[in-house]
Amino acid sequence: MFSKEEALQIKKDFWTGFANTYPRKWLLHNTRIKDVAFKFYVDNKTAQVALEIEPKDEEKRKIYYEKIESLKSILLEEFLSDAIFERNYYLPNGKLISRIWIDIDKKVSVNNKTSWQEIYDFFADKMTQFELFFYEYEDYIRDLEINT
């Protein structure tokens, strides 16, 4: 078990290592769609890459999710065959969002430095594919006037 300070240092070292291994600017919050963002997630059990759709306006959340869902076959066939779609996903704080994500296919831990490179490679591969998909269909996803 790690102290709070040790755990924070491990996470800092992990993210610094990732930035050094893959030194590029990721899309993340720069989607130009308010409250729609790509995220990296890692804990002591798994690693994930996600697109989280969380506008406060429920109708906007629904529209953005349905637009991406309408492209599901393309996303799965051409970019991320293992993506998981969830219209109603509850964050640990209880907030309801929509989420599309990919889990790493094995147990990994941010606390285990021997799994870091595997996590880094997973993050880079899956986020790159997610970004390519987003850039290809960005105009359609962003435009609320175009119906699904």
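Summed over region 14-34, the residues that are at pLDDT 95 or above, in contact with a helix residue (DSSP H, G or I) (Cβ under 7 Å, 6 or more places away or on another chain), under 29 Å from ASP139 (Cα atoms) and not hydrophobic (A, V, I, L, M, F, W, C) give a count of 1.
Among the residues making up region 33-57, those that are assigned to a strand (DSSP E or B) and of a type in the set (D, E, K, R) are LYS39, GLU52. Looking at SER115, SER81, SER70, can you tell me which residue is in contact (Cβ under 8 Å) with a residue 12 or more places away in the chain and among the hydroxyl-bearing types (Ser, Thr, Tyr)? Result: SER70 is the single residue among SER115, SER81, SER70 that is in contact (Cβ under 8 Å) with a residue 12 or more places away in the chain and among the hydroxyl-bearing types (Ser, Thr, Tyr).
Conditions (1) modelled with pLDDT of 95 or more; (2) touching a Lys or Arg at 6+ places or on another chain (Cβ under 6 Å); (3) surrounded by fewer than 18 Cβ atoms within 10 Å (Cβ to Cβ), marked per residue:
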| position | (1), (2), (3) |
| --- | --- |
| TRP116 | yes, no, no |
| ILE119 | yes, no, no |
| PHE122 | yes, no, no |
| MET127 | yes, no, no |
| PHE130 | yes, no, no |
| TYR135 | yes, no, yes |
| ASP143 | no, no, yes |
| ILE146 | no, no, yes |
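Is there a residue being touching a residue at least 40 places away in the same chain (Cβ under 8 Å), farther than 19 Å from LYS11 by Cα, outside any loop (DSSP other than H, G, I, E, B) and out of contact with any strand residue (DSSP E or B) (no Cβ under 7 Å at 6 or more places or on another chain) anywhere in region 91-109? Checked region 91-109: no residue is touching a residue at least 40 places away in the same chain (Cβ under 8 Å), farther than 19 Å from LYS11 by Cα, outside any loop (DSSP other than H, G, I, E, B) and out of contact with any strand residue (DSSP E or B) (no Cβ under 7 Å at 6 or more places or on another chain).
Let's see how each residue does on (1) assigned to a loop (DSSP other than H, G, I, E, B); (2) at pLDDT below 95; (3) farther than 22 Å from THR114 by Cβ; (4) touching a helix residue (DSSP H, G or I) at 6+ places or on another chain (Cβ under 7 Å):
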{"site": "LYS12", "(1), (2), (3), (4)": "no, no, no, no"}
{"site": "GLU59", "(1), (2), (3), (4)": "no, yes, yes, no"}
{"site": "GLU69", "(1), (2), (3), (4)": "no, no, yes, no"}
{"site": "GLU86", "(1), (2), (3), (4)": "no, no, yes, no"}
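Hey, can you tell me all the residues within region 76-101 that are under 14 Å from the mean Cα position of the chain (by Cα), closer than 22 Å to ARG142 by Cβ and not aromatic (Phe, Trp, Tyr)? Residues satisfying the conditions are LEU80, ALA83, GLU86, ILE97, SER98, ARG99, ILE100. Reported count of residues in region 2-16, each being under 19 Å from the mean Cα position of the chain (by Cα) and in contact (Cβ under 8 Å) with a residue 60 or more places away in the chain, is 2. In the set LYS60, LYS34, LYS25, only one residue is more than 17 Å from the chain's Cα centre (by Cα) and either basic (Lys, Arg) or loosely packed, with under 13 Cβ neighbours inside 10 Å (or both); that residue is LYS60. ASN20 passes every criterion in (1) more than 20 Å from TYR135 (Cα to Cα); (2) touching a residue at least 60 places away in the same chain (Cβ under 8 Å) apart from (2). If the condition is being part of a loop (DSSP other than H, G, I, E, B) and either acidic (Asp, Glu) or more than 24 Å from ILE100 (Cα to Cα) (or both), then region 14-32 contributes only PRO23.
The values are calculated or read from the model by the stated rules, or taken from the named source; none is laboratory data. It should be emphasised that the depicted structure is a prediction, and the values quoted were computed from it without experimental measurement. Counting neighbours? That spans all protein chains shown, and the Cβs are built from the backbone with ideal geometry, glycine included.
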